[in-house]
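Q: Before anything else, here's the structure in question.
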Amino acid sequence: MTPPPRTGDRHIPERDEAPLLAAAPVVGPATGPAVEPAGTGLDFPARSLVLVAGLPGAGKSTLLERLYGLRGDEQAPVPDGEVRVIDSRQARNWWARRLGPLPPRARIPFVYTTHVWRIARTLTAGHAVVAHTRGTWPHLLYGFAWLARRTGAGLHLVLIDVPPGTARAGQVARGRVLTTTTFARHCRRWDRLMAKARRGAVPPAATVTVLDRAAADRLTEIRFGRAR
């Protein structure tokens, strides 16, 4: 059962709670029409930066945990063959004992600077990367696209699109709930990004994959080394 919203959350606009996609993920080039792939795995070229994005609480870290066996207490990127899995929680955990007295909001610049630096360093070392990011920060997507080009990698987006109420419930479950104003801002930015994705107009990315909650739950593998 979805926990009831906190006071003030009723002003957050809700989208239709029905599943976004009934059968399969929507996959396609960022500048062309989407197609529907078969199976429950996603394939990317060997030199790729795959960014898993979604609203706060959408299930990005949960997906990485399930696919790569993360525990949530890691403080550094996790290797999986030649792939490196980078969740922002790793940087948050690394800074936790060093920034203990600071309130959570004051830690954000340290955490995300470290997170982005780790992605950059890993790409420069020649590894493929699967990373957690906030798709609601458009400037980060353009920055990652520039970084991928500089290191000879392709940028690919996996967007977990869930209703705001589902994302809010995810925040409650993990124990980190955004303020109503901040979350509403994320929702507006996410809706703009999704509108672009549906039109095949996300310039920073080579491909865009959109998963609803059910499709994300069906995903069993992200593979590298196969052309899309």
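The values are calculated or read from the model by the stated rules, or taken from the named source; none is laboratory data. The structure displayed is predicted, hence computed values, not measured ones. Note that each Cβ is placed from the backbone with ideal geometry, even for glycine, and that neighbours are counted across all protein chains shown. Side chains are part of the model used for accessible areas, which takes the heavy atoms of the whole protein and leaves out ligands, DNA and RNA. Shrake-Rupley method; radii C 1.70, N 1.55, O 1.52, S 1.80 Å.
Q: Is one or more of the residues making up region 55-77 touching a Leu at 6+ places or on another chain (Cβ under 9 Å), of a type in the set (Val, Ile, Thr) and either farther than 15 Å from residue 153 by Cβ or exposed (fewer than 15 other Cβ atoms within 10 Å of the Cβ) (or both)?
A: No, region 55-77 contains no residue that is touching a Leu at 6+ places or on another chain (Cβ under 9 Å), of a type in the set (Val, Ile, Thr) and either farther than 15 Å from residue 153 by Cβ or exposed (fewer than 15 other Cβ atoms within 10 Å of the Cβ) (or both).
Q: Taking residue 104 as the residue in question, decide whether it is modelled with pLDDT under 95 and touching a strand residue (DSSP E or B) at 6+ places or on another chain (Cβ under 8 Å).
A: When the stated conditions are applied, residue 104 does not pass them.
Q: When only residues in region 71-86 that are under 17 Å from the mean Cα position of the chain (by Cα) and modelled with pLDDT of 95 or more count, which is nearest to residue 178 (Cα to Cα)?
A: Looking at residues that are under 17 Å from the mean Cα position of the chain (by Cα) and modelled with pLDDT of 95 or more, I get 86.
Q: Among the numbered conditions (1) under 15 Å from the mean Cα position of the chain (by Cα); (2) open to solvent by less than 40 Å² (accessible area, probe 1.4 Å), tell me where residue 200 comes up short.
A: Of the numbered conditions (1) under 15 Å from the mean Cα position of the chain (by Cα); (2) open to solvent by less than 40 Å² (accessible area, probe 1.4 Å), the odd one out for residue 200 is (1).
Q: Take the residues in region 126-146 that are closer than 15 Å to residue 63 by Cβ and open to solvent by 10 Å² or more (accessible area, probe 1.4 Å); name whichever of them is modelled with the lowest pLDDT.
A: Applying the filter and picking the extreme gives 134.
Q: Looking only at residues in region 87-118 that are open to solvent by 40 Å² or more (accessible area, probe 1.4 Å), among the charged types (D, E, K, R) and not in a loop (DSSP other than H, G, I, E, B), which one is nearest to residue 45 (Cα to Cα)?
A: Of everything passing the filter in region 87-118, 89 is nearest to residue 45 (Cα to Cα).
Q: If the requirement is being touching a Pro at 6+ places or on another chain (Cβ under 6 Å), of a type in the set (D, E, K, R) and either under 21 Å from residue 57 (Cβ atoms) or open to solvent by 20 Å² or more (accessible area, probe 1.4 Å) (or both), which of these qualifies: 149, 121, 189, 84?
A: Going through 149, 121, 189, 84 in turn, the sole match is 84.
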